[in-house]
Amino acid sequence: MANNLVLSNVYNQYLTTYAPQKSNSRYDAHKRSELKNIYNSMVRVNRDAPLYKIDTSEESRECVIGLKEESRVLHNNIVSVMGDAENLELDARIAYSTDEGILSAQYYSGDDNEPTAVNKTYDIEVKSLATPQVNLGMYLPKDTRDITPGKYAFDVSVGGQGYEFQYNIYESETNFDIQNKLSRLINNANIRLSSSVEEDDRGNAALRIESLQTGDHANETAGAFTIADSSDRKVSGSVPYLGIDYVARQSKDAELVINGENVSSPSNIFLLDKHFEIKLNNISPQPGITATVGVKPDIEAAVENITNLVDSYNGFINSMNTYSADVMKTNNLFAELNGITRTYQSEMEKMGISLEKGGTLGMNKDVLTDYITNSNGPDSVEVIKKFTSSILRKSNQISVNPVEYLNKTVVAYKNPGKNYTSPYTASAYSGFMFNSYC
């Protein structure tokens, strides 16, 4: 156990000294299947790897740690923008509504097991909105009072939960004072009810109590909520005096017609087909008038995503340029990355992305925006998805075997096709760092 602590401290010291400080812990967590794939990759890489000697100088150690960690950061940045490495997505999409006055929509892409709704549209007619229950008390003169001072209580039932409100009525209080006191009590109780005091032009006021929950409560015989005098020994009579047990409006569901089918919803905000969050704003102005909901490309988000990918790639290239050619075969690494870039260069240049001197990428946002705007949907960024997928695979290869890009001396080659798998050869990455500590 002591040895494990020593090794852990050694690695942490190198990691905090030489590794990049930016990290995204969400993408550093791996499933069991991903770890198994990493192990299998190590086996394949080292099956025919030659025996070699590595320079164990401080500079080499710094280089190999930085190379591995920078490739990890590049991988995480790509996945954070494009999603799962097995299902890269870049072309951001948003929902649209042809009539925001009737309803608005937000789009949520599906998970790995759900199809997206990119090619679906929905014609929605809003016949009625979902409404809450409203209890409206009697309009009483604001400056007088006809109820006896004393201790009072009443019971409120909301969604099957019971609550008791106790309060005092004092000699100096008027009807208006009592109504405002009860309104504050109800609002401060946080029991899914809101209350206010309404006034008319005759000097009268009434207590209005409204449920925060909308929808039909046909299965609840009492409705969304009920108010009644308390059965306790407190003085009764305040509920009928104020009239707050009177249901002025029952709660009800929203009534819709979606693609010709009658549908109801207990709320004015609901999820449609697992991908659209629909918010009902108003009823359709006339029967048969609909608002169409669908998906369209989000140009601004797509440009931002591509910008982040280019910045991440350039950050990796610039980091590699800081290492000395005496310890790292930078020409080999840059040749591989440039080879990937040149494969897609002609198509990317049409989008305003060019290969610059030194291996970095240049980008003209105006050209990129115009290209995506004038292109045909998701296919407009297909070349970027292919390029990024290739860079992602390369970053994984670098992370599995960063020693490949160090200057080293080959001692002997293995006999091709007649050797044993050697998954621990990659331990040279960590093992040579501990040589001076063992």
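The values are calculated or read from the model by the stated rules, or taken from the named source; none is laboratory data. Values in this document were obtained by computation on a predicted structure and should not be read as measured data. For neighbour counting, all protein chains shown are included, and Cβ atoms are generated from backbone atoms with ideal geometry for every residue, glycine included.
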TODO: Return yes when D112 is of a type in the set (D, E, K, R) and either farther than 30 Å from G294 by Cβ or at pLDDT 95 or above (or both) and no when it is not.
DONE: no
Over region 275-300, the set of residues of a type in the set (S, T, N, Q) and in contact with a strand residue (DSSP E or B) (Cβ under 9 Å, 6 or more places away or on another chain) is N281, N282, S284, T290, T292
If we ask which residues in region 183-202 are of a type outside the set (D, E, K, R) and surrounded by fewer than 12 Cβ atoms within 10 Å (Cβ to Cβ), their number turns out to be 2
Those residues of region 115-159 that are buried (at least 16 other Cβ atoms within 10 Å of the Cβ), assigned to a loop (DSSP other than H, G, I, E, B), of a type outside the set (K, R) and touching a helix residue (DSSP H, G or I) at 6+ places or on another chain (Cβ under 9 Å) come to a total of 3
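Let's see how each residue does on (1) of a type outside the set (F, W, Y); (2) closer than 12 Å to N135 by Cβ:
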{"position": "Q161", "(1), (2)": "yes, no"}
{"position": "I186", "(1), (2)": "yes, yes"}
{"position": "S196", "(1), (2)": "yes, yes"}
{"position": "S236", "(1), (2)": "yes, no"}
{"position": "Y241", "(1), (2)": "no, no"}
Q.
Within region 277-300, does at least one residue satisfy the condition of being modelled with pLDDT under 90 and assigned to a loop (DSSP other than H, G, I, E, B)?
A. yes
Those residues of region 160-169 that are surrounded by 12 or more Cβ atoms within 10 Å (Cβ to Cβ) and touching a residue at least 24 places away in the same chain (Cβ under 8 Å) come to a total of 5
I340 passes all but one of the listed conditions (1) touching a residue at least 24 places away in the same chain (Cβ under 8 Å); (2) within 22 Å of K127 (Cα to Cα); (3) hydrophobic (A, V, I, L, M, F, W, C); the exception is number (2)
